[in-house]
Amino acid sequence: MLKTLTFTLMHFCIAFAVAYALTGSVAVGGLVAAVEPLCNSVGFYVHERIWQRLDKARGAPAGASQPGWRHRHA
């Protein structure tokens with residue numbers, strides 16, 4: 001859990017720094033730092049759902065699209 005929290009904090013800081021560097025605005029930097037990770041999270045959820053459907057359509061076991069699956073289970 002600590003690793004997840006520190007990664008999230010790093011993500012917010014990078015989003016803020018990039019937006020601030022591009023605009024020079026603390027307000028825009030803060031807004032981007034709040035909104036961009038949320039959009040990424042929703043995008044990741046949709047991406048995972050699509051892959052789950054593809055795996056199901058191919059008849060692959062759950063988690064088959066995960067990296068290293070063939071190596072661990074083949």
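May I ask you to list the residues in segment 1-33 that are hydrophobic (A, V, I, L, M, F, W, C) and surrounded by fewer than 11 Cβ atoms within 10 Å (Cβ to Cβ)?
Result: M1, L2, L5, F7, L9, M10, A21, A27.
Of everything in segment 22-70, what is assigned to a loop (DSSP other than H, G, I, E, B) and modelled with pLDDT under 85? Give them in sequence order.
A60, P61, A62, G63, A64, S65, Q66, P67, G68
The values are calculated or read from the model by the stated rules, or taken from the named source; none is laboratory data. Note that the coordinates shown come from a computational prediction; the quantities given were computed from them, not determined experimentally. No Cβ is skipped: glycine too gets one built from the backbone with ideal geometry, and neighbour counts run over all protein chains shown.
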